[in-house]
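Read-outs throughout are calculated quantities, based only on the coordinates presented, and are distinct from any laboratory measurement. Small disclaimer: the values here were computed from a predicted structure and weren't measured. FYI the Cβ positions are ideal-geometry reconstructions off the backbone, even for glycines, and counts take in every protein chain you see.
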Amino acid sequence: MPDSSPFPEGFLWGASTSSYQIEGGNERSALWDWEEHMGWERSGAAAGSWERFGDDLGCLKALGANAYRFSVEWSRLETEPGRFDREALDRYVGWARLLRKEGIRPIVCFHHFSEPSWLIHERPRGWRDHGMVERFVDFVDWASEPLSAAVEDWLVFNEPNVFMVGAYGAGIFPPGRRLLLGRARELRDTVGASLADAHNRAYELLKRRQPAARVGVAQNVADLEPAGPGDEEAVERWDRFMHRDFLDRTRERLDFIGINYYTRIFVKKSWAPLLPLGVLPGYAELERELGPLFRLLGGRRGQGPRTAMGWEIAPEGLERVVLKLWRRYQKPIWITENGLAPVVGGVTREQFLRAHLAALAGAIAQGADVRAYLHWSLLDNYEWGSTKPRFGLFDRERRPADGAAAFAEFARAGSAA
Ligand code: BGC
């Protein structure tokens with residue numbers, strides 16, 4: 001990398017995906033029936049990646065990537081309780097080997113929201129039942145053994161905070177509980193505690209097998225701002241609940257912290273009934289859900305341009321978030337997701353990339369130890385209920401999208417300046 005690069009030697013440039021969102025045909029996942037239950041658009045063949053890894057590899061090579069983050073699909077690998085499919089696992093092992101051969105570091109995640117449907121039937125309380133920890137750790141143990149021949153970088157969970165809130169708080173993922181309606185603390189003490197415990201146990205076993213491995217988490221972190229004067233305490237409460245609780249419980253067992261950064265939100269104190277923790281967090285999704293009530297309760301959204309998801313584009317927030325986590329935890333930071341579903345005529349992916357990479361360089365200049373930038377996503381995928389948002393550097397036909405050439409140039413030059 002040229003001396004003028006703001007990014008350190010060995011910096012990882014790559015993209016991220018998840019099994020359920022790209023592979024297609026994951027019929028054994030609890031999400032498969034869930035799609036129907038929710039009336040979602042079906043994931044169907046998604047991007048067809050289960051059969052098209054060669055094409056995906058071609059995309060990574062075209063980007064000049066030196067890292068690829070993907071997840072292994074628990075429901076494919078443990079088809080019934082305790083019954084593991086070695087042939088399916090070998091396919092992932094083969095992918096990891098091919099990546100290494102091309103000088104692309106495989107980064108493997110064990111849990112990206114999708115879980116086997118037998119599991120939900122076996123344990124209807126899901127992660128509120130601490131027995132889930134054992135089940136999950138057994139799966140990690142079995143899957144990581146052959147994979148560790150080619151993989152040294154692991155994410156135990158993707159966004160445990162979003163999973164907890166989505167599946168047990170807001171009821172949008174299976175098993176569809178809604179504990180945020182007044183029982184947020186219980187949520188944190190049951191699901192939150194189990195997920196952290198599972199991470200810690202998985203970390204121990206991965207490191208026992210491979211002491212040099214790097215094991216982390218991909219945590220969704222929004223830049224939080226007070227909606228108005230007097231809302232600082234609400235920001236603190238939401239930050240602790242959403243961002244820090246998991247990291248505080250696992251900090252001794254994180255070799256790095258992965259940040260999935262998309263947007264900033266304004267947080268307001270509010271004692272309106274049913275809002276969690278006395279807080280109104282200004283997510284686009286909540287604004288949609290509450291309709292006019294959102295404003296009536298004092299909800300605030302940023303004024304910047306928005307993506308097709310309705311998320312405000314706020315690159316400067318990335319610098320703040322990285323510095324905040326770096327200063328608190330003193331662990332290397334990897335950007336494990338950052339990206340957009342562009343709006344026609346709006347901010348382009350190239351502009352988005354430039355602005356976010358500049359923000360990242362800003363954090364590095366102020367001392368943060370940042371080692372990776374992984375764009376979400378390599379491909380247009382299944383965006384949990386819809387195939388419309390176009391997060392990909394490539395479309396489903398593997399044609400480069402706007403921004404792919406710019407990404408390749410930034411990765412080559414080690415800079416977006
Ligand atoms: C998730 C991805 C998702 C992306 C864009 C992240 O929260 O990890 O699965 O596709 O955001 O919504």
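Counting Lys and Arg as +1 and Asp and Glu as -1 over every other residue whose Cβ lies under 13 Å from the Cβ of His356, the net charge comes to -1.
Pairs Lys61/Lys324; Lys101/Lys207; Lys269/Lys331: which exceed 28 Å Cα-Cα? Result: Lys61/Lys324; Lys269/Lys331 exceed 28 Å. The 3J(HN,Hα) values that the Karplus relation (6.51, -1.76, 1.60; θ = phi - 60°) gives for region 276-284 are, in residue order, x, 6, x, 9, 10, x, x, 6, 4 Hz. Gly and Pro appear as x.
Over 22 Å, how big is the tail of the calculated P(r) for region 24-124, in percent of all Cα pairs?
Working: 1838 of 5050 pairs.
In whole percent, the long-distance tail amounts to 36.
A cut-off under 14 angstrom between Cβ atoms defines the neighbours of Gly192, and their net charge, with Lys, Arg +1 and Asp, Glu -1, is +1.
Using C-alpha pairs under 8 Å with a sequence gap of at least 6, the mean separation divided by the residue count of the chain gives a relative contact order of 19 percent.
With N residues in the chain, what two-decimal value do you get for its Cα radius of gyration over 2.2 N^0.38 Å?
0.92
A cut-off under 10 angstrom between Cβ atoms defines the neighbours of Ala406, and their net charge, with Lys, Arg +1 and Asp, Glu -1, is -1.
For region 170-304, the pair-distance distribution built from all alpha carbon pairs, in bins 10 Å wide starting at 0, is 11, 36, 33, 15, 5, 0 percent.
Shown here are the Rg and Dmax of the Cα trace of region 290-417, at 16.1, 49 Å. When each of the peptides 62-70, 74-82, 225-233 is scored by the mean number of other C-beta atoms lying within 10 Å of its residues, the order from highest to lowest reads 62-70, 74-82, 225-233. Spherically averaged projected area of the convex hull of Cα atoms, region 44-187: 9.3 nm².
With +1 on each Lys and Arg Cβ and -1 on each Asp and Glu Cβ, how big is the dipole of the chain about its Cα centre, in debye rounded to the nearest 20?
Values: 55 positive and 58 negative charges, 130 e Å.
Here the chain has a charge dipole of around 620 debye.
Between region 380-417 and region 120-191, the alpha-carbon centres lie 29 Å apart.
Can you compute the FRET efficiency between Glu134 and Asp55 using 1/(1 + (r/R0)^6), with r the Cβ-Cβ distance and R0 = 45 Å? Round to the nearest 0.05.
Efficiency computed from Cβ-Cβ geometry: 0.75.
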